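The values are calculated or read from the model by the stated rules, or taken from the named source; none is laboratory data. Bear in mind the structure is a predicted one, so any value in this text is a computation, not a measurement. Please note: Cβ atoms are built from the backbone with ideal geometry, for glycine as well, and neighbour counts cover all protein chains shown. Please note that ligands, DNA and RNA were not included when accessible areas were found on the heavy atoms of the full protein model with its side chains. Shrake-Rupley method; radii C 1.70, N 1.55, O 1.52, S 1.80 Å.
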Protein chains: 4
Amino acid sequence: MSPSSLMDKRILVTQADAFMGPAICQRLHALGADVIADTDPLLETDAPARLIERTGIPDILVANLALPAPNTRASEVQEPEWQAVFDTMVHPLMRLCTAVLPGMQARQRGKILLIGSAAALRGMKRASSYSAARGAQLAYIQALGVEMAADNIQINAIAQNFVDNPTYFPPEIQANPRFQQRLANDVPLGRLVSAEEDAEFVAYLCSDAANCFVGQVFPLCGGWVTR
Amino acid sequence: MSPSSLMDKRILVTQADAFMGPAICQRLHALGADVIADTDPLLETDAPARLIERTGIPDILVANLALPAPNTRASEVQEPEWQAVFDTMVHPLMRLCTAVLPGMQARQRGKILLIGSAAALRGMKRASSYSAARGAQLAYIQALGVEMAADNIQINAIAQNFVDNPTYFPPEIQANPRFQQRLANDVPLGRLVSAEEDAEFVAYLCSDAANCFVGQVFPLCGGWVTR
Amino acid sequence: MSPSSLMDKRILVTQADAFMGPAICQRLHALGADVIADTDPLLETDAPARLIERTGIPDILVANLALPAPNTRASEVQEPEWQAVFDTMVHPLMRLCTAVLPGMQARQRGKILLIGSAAALRGMKRASSYSAARGAQLAYIQALGVEMAADNIQINAIAQNFVDNPTYFPPEIQANPRFQQRLANDVPLGRLVSAEEDAEFVAYLCSDAANCFVGQVFPLCGGWVTR
Amino acid sequence: MSPSSLMDKRILVTQADAFMGPAICQRLHALGADVIADTDPLLETDAPARLIERTGIPDILVANLALPAPNTRASEVQEPEWQAVFDTMVHPLMRLCTAVLPGMQARQRGKILLIGSAAALRGMKRASSYSAARGAQLAYIQALGVEMAADNIQINAIAQNFVDNPTYFPPEIQANPRFQQRLANDVPLGRLVSAEEDAEFVAYLCSDAANCFVGQVFPLCGGWVTR
């Protein structure tokens, strides 16, 4: 609520050109943050470490990692899809965190915020590989959050779904009557959460005002899940 | 994050002199809200309706209802204690909500935020009556939130514990070595959440930026529960 | 899984003629339990104490408390409905538990199982009063369970919904096409849970094999909620 | 509760010599099941498919996958540990499921039960890699459960912790006073869940009586988490 709360914070946003990246970068920048908008998909094992070496330990890491969700029947998931979801969303998360944590511990200050998915909290059809990878993310963040709290490092996750973004809800899906019916049936909010609402919550969680949250998962999905 | 976001919002805060009332009123006022700080314990059946009649339908109702938590063994809870927790925290909540909802529905706009307790999410010893009343609150808010979302009324709850406030954590408790040990053992944050942090989260949830949350329960308890 | 596991257990089932009462009594009896099937609605303040005085401390209390769920808009809930849900489902639960706990503590052995509702875990429309009362039950049981575990008393709850029973899903509702549509949309199981399945889970939780569960809430609702 | 309930069921138990394998095999066998006790760690990509080819589609798959939990600070987790937890617990789970699902779908009948961990539900220190892998398991099972329910295939998970087993709680840990203190502080049950209690719950969930559960996660951890 205070405009200065992100002033001069160095915030690293990964995959800044995908998923919630653009909306988050724009909002953090507007609030005075020094945003490092990285667009590397971070698929190579040492890419996260190299990124942090190059950019330095940020005050805050916003781990925004995504890929278009596979839409495969559970019985038909194959190795390449399975590896892709873990290679894109899970392994880079660990590598990013282990790259920034020692520096944050040395400073006794820092934040990591995962832009995760509510698909890890409630089962969905034709999303088994995606949900598995998202589940690994959330459980990892919970464990990290508990362990790092004593070092004044706050690590939390947003578990979102039904948020307007080009990766998961491109215009052709939003225009699909079956999707609109699903929104009406399954999402109490009755509409997609806007990218701006999402980015504003990210900004709040990045601010010092949110120093009280540790190892927590915040559903952000229009009431599709609420705990 | 935007200082104008509560400007001119009429926000009714109940029991404004107890529990989180003072911190919340101060913060909302500082952010430009028109705060109606009511101090009636609302124990009489028609007190909530009379309050709303007198003050009008607010833009936002902050239902802050508390009493010093009884510390009774489960087997020794008696009728007066049991009735007191429901009379103080549960029945006034329903009466406040039913008093403001028709007006909010007519306006197609409104918010209700409950300052609830994480005692309803995780069992605690010697808190059975208190937990029961807090559980009624949370489940009520979840049901209301789902039902009212379509009328553009956002109804949510904070489920807090280990937040600095004079009702539950007066100085003598905070100074008690056994309490400090419990904080170290059970609360990953390792300290009480400050009243200011709590009030800032309340302010965020009262702002238009939080229109995307409906029927949701937000733990705020230093990691004591995280979902 | 062992037929003798309830042999000679004295199990008190309340409201034995309503909700899950008949199915539970039949199954427990078939497994050799000494079932005390009480049909008093227990509305009077001292009715639970008198019941326990008359029947003695049971090995296991199955708190089966229900009333036909009101179907009232949230804004139209009135005092009599509100009081009825608490008078029927919440206050008798506390009175039953406080009546049996001292005896169970003296024995250092006992179980209480609440037949509760998943309406307390996930918001439903037109069910605000009912959900509130069910929420009080679950939070009460969680607190009791944690407190009593050290006395070798296991206190848990089933949080059910979409279970076949005459109180909530009489034949005319089951035959309603809108209800069938809701079942297909919202309940992954695609059918009601049968009364026998429910009663079998109750029997398992009453057996010594389930001594390991304390203060736990078990959703039983065909996947409508899963945690 | 009925001794015949597993009679002649063909149940495949993986890693039958580790974690909960021995206790589960013994109990299922005692209840009349035809237990296929496989001890392959299933680390090779095609090992699960070969196992199913050799043994046929079971009536029930009990996915018991474990490795001694690493005890590494979050900031010091390295690639080999990270890969090991996913190679041992996550990838074989997907490969087992995709190997049995087509046959179960053809039969329109089947069950998969994961022996998972509550470490995915509540953060623990020095367990970030392990928790991540366990989180992938649970989210995968939830998604599968929802998708497969319509084919009369019930897929669920136990999320356990503080259960007596040689993989995680060998005698030297149980004898450690610091561990005993942790048990007293953090586990309401006040003792480890016994392997027999765990196996009995597995047997119940394998029986036809549990056909009503789909995509559900059952905490089994002495009250360490209850939802």
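Okay, here's what the table says:
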| read-out | value |
| --- | --- |
| Check on C:Val100, of a type outside the set (S, T, N, Q), farther than 30 Å from D:Gln26 by Cβ and more than 12 Å from chain B (Cβ to nearest Cβ) | no |
| Total residues in the stretch C:126-163, condition of a type outside the set (A, V, I, L, M) and under 22 Å from B:Met124 (Cα atoms) | 12 |
| Positions within the stretch C:208-217 being open to solvent by less than 10 Å² (accessible area, probe 1.4 Å) and more than 7 Å from every other protein chain (Cβ to nearest Cβ), in sequence order | C:Ala210, C:Phe213 |
| Cross-chain or 6+ apart pairs with Cβ under 8 Å, the stretch C:28-46 first and farther than 21 Å from C:Met94 by Cα, then modelled with pLDDT under 95 and among the acidic types (Asp, Glu) | C:Gly32/C:Asp8; C:Ala33/C:Asp8; C:Asp34/C:Asp8 |
| Among (1) β-branched (Val, Ile, Thr); (2) at pLDDT 95 or above; (3) open to solvent by 10 Å² or more (accessible area, probe 1.4 Å), the one test that A:Val163 misses | (3) |
| Subset tally (residues that are assigned to a helix (DSSP H, G or I), within 9 Å of chain B (Cβ to nearest Cβ) and over 17 Å from the mean Cα position of the chain (by Cα)) for the stretch C:78-95 | 3 |
| All positions within the stretch D:104-121 that are at the interface with chain A (Cβ under 7 Å from one of its Cβ atoms) and either open to solvent by 20 Å² or more (accessible area, probe 1.4 Å) or basic (Lys, Arg) (or both) | D:Gln105 |
| Qualifying residue in the stretch B:174-184 (condition: in contact with a strand residue (DSSP E or B) (Cβ under 9 Å, 6 or more places away or on another chain) and more than 26 Å from A:Ala143 (Cβ to Cβ)) | no |
| Among (1) in contact with a Pro (Cβ under 7 Å, 6 or more places away or on another chain); (2) surrounded by fewer than 20 Cβ atoms within 10 Å (Cβ to Cβ) - the single one B:Ser194 does not satisfy | (1) |
| Condition met for D:Ser75 (free of Cβ contacts under 8 Å to residues at least 24 places away in the same chain, more than 23 Å from D:Arg10 (Cα to Cα) and in a helix (DSSP H, G or I)) | yes |
| Answer from A:Arg126, A:Arg191 - the residue that is within 14 Å of chain D (Cβ to nearest Cβ), charged (D, E, K, R) and part of a loop (DSSP other than H, G, I, E, B) | A:Arg126 |
| Matching option when the condition is out of contact with any Ser or Thr (no Cβ under 6 Å at 6 or more places or on another chain) and aliphatic (A, V, I, L, M), among A:Val90, A:Val77, A:Val85 | A:Val90 |
| Some residue of the stretch A:170-183 being closer than 19 Å to A:Ile115 by Cα and open to solvent by less than 30 Å² (accessible area, probe 1.4 Å) | yes |
| Given (1) surrounded by fewer than 24 Cβ atoms within 10 Å (Cβ to Cβ); (2) at the interface with chain D (Cβ under 10 Å from one of its Cβ atoms); (3) closer than 30 Å to A:Gly32 by Cβ, index of the condition A:Arg73 fails | (3) |
| Residues being of a type in the set (Gly, Ala, Ser) and surrounded by 18 or more Cβ atoms within 10 Å (Cβ to Cβ) - total across the stretch B:2-34 | 6 |
| Options B:Pro58, B:Pro68; residue that is open to solvent by 20 Å² or more (accessible area, probe 1.4 Å), in contact (Cβ under 8 Å) with a residue 40 or more places away in the chain and assigned to a loop (DSSP other than H, G, I, E, B) | B:Pro68 |
| Pairs where the first residue, in the stretch D:165-185, is within 14 Å of chain B (Cβ to nearest Cβ) and the second is open to solvent by 60 Å² or more (accessible area, probe 1.4 Å) and assigned to a helix (DSSP H, G or I), C-beta under 8 Å, 6+ apart | D:Asn185/B:Asn185 |
| Some residue of the stretch D:130-151 being open to solvent by 10 Å² or more (accessible area, probe 1.4 Å), over 22 Å from C:Thr226 (Cα atoms) and not charged (D, E, K, R) | yes |
